[in-house]
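The values are calculated or read from the model by the stated rules, or taken from the named source; none is laboratory data. Quick caveat, the model's predicted, so the values are computed rather than measured. Please note: Cβ atoms are built from the backbone with ideal geometry, for glycine as well, and neighbour counts cover all protein chains shown. Surface accessibility is based on the protein's heavy atoms, side chains included, excluding ligands, DNA and RNA. Shrake-Rupley method; radii C 1.70, N 1.55, O 1.52, S 1.80 Å.
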Amino acid sequence: MSAGRFVLGVDSGGSGLRVALAPADTGRAAFSTVCAEPVRTGADGIDAGHLLEQVLPAAGGLLVEAGPGAVVAAAAVGAAGMATLGDRLRAELPKAFADSLGVRRVALAADAVTAYAGALGGRPGAVVAGGTGMIALGTDLISWRRADGWGHLLGDSGGGAWIGRAGLDAAMRAHDGRRGGSPALLARLEAALGPATGLPGLLYPRTDRPALLASFAPEVGACAAGDEVAARILREAAAHIAEAAAAVCPGPTGSGTDGCEVALTGGLFRMGEPLLGPLRGELARQVPHARVVPAEGDPLRGALEIARSLAGPGLRLPHHPTLLFVPGVT
């Protein structure tokens, strides 16, 4: 492959770290690699050194793969927790990228922003990112609006951990003989996690409690067709998700005659019709001007698109000191 100008994209999430290099002109497919482990988070926030010790060698390897003379024209890093835990990244990454890769056009974004860019590019609209947690992000290209994404203790309403916890609550109610219990979910609990009486000892000591709770969400989805309790949990989840979308979706005037585009992205929505059916109904009720569209790509693609914008015509998405930080601009 001939040498040329490339852009670097990084997607750092709770379950992994991915790096991709792609031509700045979008003409060819990206080179990509998966790093050894997710980036650590400590008392000082996201560990910038741990990210750099994985990303810089990965980027160097991708540049070798791209061919002699390949250069990085711009880079974008999307990271879970960037908005609230990204001070060290914002302080250390721009200089490290300049020193090691020779790149001075850098954007540091929350993972919800790279999810937005991957799903909708530079268009106005809203994205709901659902996985273990749940966050909605919208923009009219002037400012950002965010709803939820506050973690499983303070929010993430309708997300995987929320659904899983509601399902486990219904299972334990059935075990006790209390109202609101679901024998079907109790059977799923015991098949997946063991005796109901052992659940507290399994759940409470773990540091990854949200992930364990979310692992039960597919069981709720599997029961929904024949179990009213499971179906009700998913209806309530759909109402929460639509409520977040309504809070961030630009109004009809700001989004044109076709209404607000809303993209759904993330593993939660692979649950399919048990959740998507009630969600379509709730979106129609709560956000009547919304138009649900397929997500064009994932957060790694979003990081590459942000980097391409930096290398070319400039960002259309609004700068923000924590959500989308561009040194020297934001």
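Here are some notes:
- Positive minus negative residues near A91 (Lys, Arg vs Asp, Glu; Cβ under 13 Å): -1
- Average projection area in nm² (convex hull over Cα atoms of the stretch 188-318, one quarter of hull surface): 10.9
- Viscosity 1.002 mPa s, temperature 20 °C, Stokes-Einstein D of the stretch 54-111 from Kirkwood C-alpha radius, µm²/s: 177
- When exposed loop sites are taken as trypsin sites (Lys or Arg not before Pro) in a DSSP loop with at most 14 other Cβ atoms within 10 Å, the longest stretch of the chain clear of them is 41-177.
- Size check on the chain: the Cα extents along the three principal axes, sorted descending, read 69, 48, 35 Å.
- GNM flexibility winner over the chain from A161, A295, A192 (Cα, springs under 10 Å): A192
- Based on protein heavy atoms only, the chain ends up with 43 Å² per residue of surface accessible to a 1.4 Å probe.
- Each of D176 and L276 was given a label point 7 Å from its Cα along the Cα-to-Cβ line. The distance between the two points is 3.6 nm.
- Cα gyration tensor shape for the stretch 74-157, rounded if a/c is under 1.5, else prolate or oblate: oblate
- Computed over protein heavy atoms with a 1.4 Å probe, the carbon and sulfur contribution to the accessible area of the chain reaches 54%.
- Cβ-defined net charge surrounding A79, 10 Å radius [Lys, Arg +1; Asp, Glu -1]: -2
- Taking each residue as 0.36 nm, the span from L154 to D87 lengthens on full extension beyond its C-alpha to C-alpha distance by 21.9 nm.
- Computed over the stretch 14-105, Cα set: Rg, Dmax in Å: 13.4, 42
- Once the C-beta distance of H319 and R209 is scaled by a Förster radius of 30 Å, the resulting FRET efficiency is 0.30 to the nearest 0.05.
- Modelled label positions at D99 and E65, each set 7 Å beyond Cα in the direction of Cβ, lie 2.6 nm from each other.
- With the highest mean first, a sort of the peptides 32-39, 207-214 on other beta-carbon atoms found within 10 angstrom per residue produces 207-214, 32-39.
- Between A196 and A29, the contour length at 0.36 nm per residue exceeds the alpha carbon distance by 55.3 nm.
- Projected label points at V329 and R232, each 7 Å from Cα along the beta carbon direction, are separated by 5.0 nanometres.
- For the pair R40 and V293, the difference between a 0.36 nm per residue extended length and the Cα-Cα distance amounts to 87.7 nm.
- The solvent-accessible area of I142, taken with every protein chain present and a 1.4 Å probe, is close to 140 Å².
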